[in-house]
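Chemist: Quick one: this structure, given as structure tokens, is what I'll be asking you about.
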Amino acid sequence: KTLLKIQDLSFRYPGESADELGILALEGIEVDVREGEFVSIVGPSGCGKSTLLSVVGGLVSGFEGSVSIRGEEVRKPHPDIGVVFQEDSTFPWRNALRNVEFGLELRGVPKEERRRRAQEILRLFGLEGFEQRFPGHLSGGMKQRVAIARTLVLEPEILLMDEPFGALDEQTRIILGEELLRIQQELRQTVLFITHNIQESIMLSDRVVILSARPGRIKAVMDVDFPRP
Ligand code: ADP
Ligand code: ADP
């Protein structure tokens, strides 16, 4: 069943003045993400990956075409879409556990349940024993695990990830990729993953959508059907 549907999506950044056309960043993008699927969007710098993320995340308007989740149009940040960014987005003034609890607090989830859910998800990432650590005392990889856990604990229907391992060294990237895949399968989490790393996209995804630059258009779609770890 289709969960996220991107239909004939185009986006143009406005020009400096009214008579300037601006930059066509995306043109005619069509992507269907089914429930439980791991789909990645890959392409060179400037092909429109960040723009696509902003549109799907409901962070920009003024695009043509449509983005919908379960048939409902996305026009602003949607509670069913959880976003993880490349840069460290943990709150330095909260320990790991309270970082993960943050969104649950905003939603008014009672303390006991909050704690239980946050601990559970930290355990999935192998972070038991690190609950009381503040981000300043965690490695880059661990901070990114906390950031992903903080989004996943809200049980978004779709997890949107923007180069989530881009700031990590290669070895950590591989370890985190394997962990993410295990957790994604365990939770049957639907993921839309954005990266410039083709190898990473093939390792992780059920389907790889390759974009070409200027303007960002779909160049190829590849089903990955060899068994993954
Ligand atoms: P990627 O994330 O794949 O590197 P982007 O989505 O950042 O690609 O950019 C796609 C295109 O849109 C590029 O040509 C880029 O120069 C242009 N672009 C990105 N952001 C802006 C902006 N704020 N204003 C104008 N043009 C932009
Ligand atoms: P990274 O992913 O950033 O390379 P890992 O998360 O793989 O690092 O860390 C490997 C192990 O090293 C962790 O499981 C943890 O036990 C330990 N470790 C790493 N950084 C720290 C730290 N700042 N404080 C305590 N232990 C750490």
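Chemist: If a residue must be closer than 28 Å to L192 by Cα, out of contact with any Phe, Trp or Tyr (no Cβ under 9 Å at 6 or more places or on another chain) and not in a helix (DSSP H, G or I), how many such residues does segment 91-129 contain?
Modeler: 7
Chemist: Which numbered condition trips up K5, out of (1) in a strand (DSSP E or B); (2) more than 28 Å from R107 (Cα to Cα); (3) more than 9 Å from ligand 1 (Cβ to nearest atom)?
Modeler: For K5, the exception is condition (2).
Chemist: Only one of E155, E179 is among the charged types (D, E, K, R), part of a loop (DSSP other than H, G, I, E, B) and in contact with a Gly (Cβ under 9 Å, 6 or more places away or on another chain). Can you tell me which?
Modeler: Answer to the check: E155.
Chemist: Within the set of pairs 6+ apart or on separate chains, which have a first residue in segment 41-64 that is in contact (Cβ under 8 Å) with a residue 12 or more places away in the chain and within 14 Å of G28 (Cβ to Cβ), a second that is assigned to a loop (DSSP other than H, G, I, E, B) and more than 9 Å from ligand 1 (Cβ to nearest atom), and C-beta atoms under 8 Å apart?
Modeler: T51/V60; V55/F63
Chemist: Select from segment 193-211 the residues that are within 14 Å of ligand 1 (Cβ to nearest atom) and of a type in the set (A, V, I, L, M, F, W, C) and list them in ascending order.
Modeler: F193, I194, I198, V209, I210, L211
Chemist: Of all residues in segment 50-77, which are more than 21 Å from G216 (Cα to Cα) and surrounded by 19 or more Cβ atoms within 10 Å (Cβ to Cβ)?
Modeler: I69
Chemist: Out of (1) away from ligand 2 (no atom under 15 Å from the Cβ); (2) crowded, with 21+ Cβ neighbours inside 10 Å, what's the single condition that is false for P164?
Modeler: (1)
Chemist: Select from segment 44-74 the residues that are in a loop (DSSP other than H, G, I, E, B) and in contact with a helix residue (DSSP H, G or I) (Cβ under 6 Å, 6 or more places away or on another chain) and write down the one among them that is modelled with the lowest pLDDT.
Modeler: V60
The values are calculated or read from the model by the stated rules, or taken from the named source; none is laboratory data. Model, not experiment: these values are computed from the prediction. Note: ideal-geometry Cβ built from the backbone for every residue, glycine included; neighbour counts use all protein chains shown.
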